[in-house]
Amino acid sequence: MSSPKELTVGPERVVAVFYKLFDDAGTMLDSSSRMGHKPLSFLFGAGNVLRGLEKALEGKKKDDFVDVTVAPEDGYG
């Protein structure tokens, strides 16, 4: 049986991330700390978050740190 550290992010897995969202000028627009330091949870591959975020998270493991820049075509346009 796999331990949680060995699990990787991929289709049909529930993912939970702490995040900070910044604009191009470096201004913080949103953060999981606004949700009381609770992670954003979503089903990977279900289209519930930006495609660019899913691309960056795929294959990552628990406790990995990811710095993501989402291109307009992988975001909201």
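Restrict the search to the chain; then list the GluC sites (Glu not before Pro) that DSSP places in a loop and that have at most 12 other Cβ atoms within 10 Å of their Cβ.
12
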What residues have an amide H closer than 5 Å to that of residue 19, excluding those fewer than 5 places away on the same chain, when H is modeled at 1.01 Å from N in the peptide plane? 32, 33, 40
Computed helical MRE - 222 nm, the chain, DSSP H runs ≥ 4 contributing -39500 (n - 2.57), nearest 500: -2500 deg cm²/dmol
Fraction of accessible area attributable to carbon and sulfur, the chain (%, probe 1.4 Å): 53
Student exercise, the stretch 3-67 dipole from Lys, Arg, Asp, Glu Cβ charges, in Debye to nearest 20: 220
Just to be sure I understand: with springs between alpha-carbon atoms less than 10 Å apart, which residue in 36, 59, 45 has the highest mean-square fluctuation in the Gaussian network model of the chain? 36
On each of the three principal axes of the Cα atoms of the chain, give max minus min coordinate, whole Å, ordered largest first. 45, 29, 18
With springs only between Cα atoms under 10 Å, which of 21, 50, 29 fluctuates most in a Gaussian network model of the chain? 29
For the chain, averaging the sequence separation of alpha carbon pairs under 8 Å that lie six or more residues apart and dividing by its residue count, the contact order in percent is 34
Heavy-atom surface of the chain, accessible at 1.4 Å and reported per residue (Å²): 78
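The values are calculated or read from the model by the stated rules, or taken from the named source; none is laboratory data. It should be emphasised that the depicted structure is a prediction, and the values quoted were computed from it without experimental measurement. All Cβ positions, glycine included, derive from the backbone under ideal geometry; neighbour counts span all protein chains shown. Quick note on the areas: whole protein, heavy atoms, side chains included, nothing else; ligands and nucleic acids left out. Shrake-Rupley method; radii C 1.70, N 1.55, O 1.52, S 1.80 Å.
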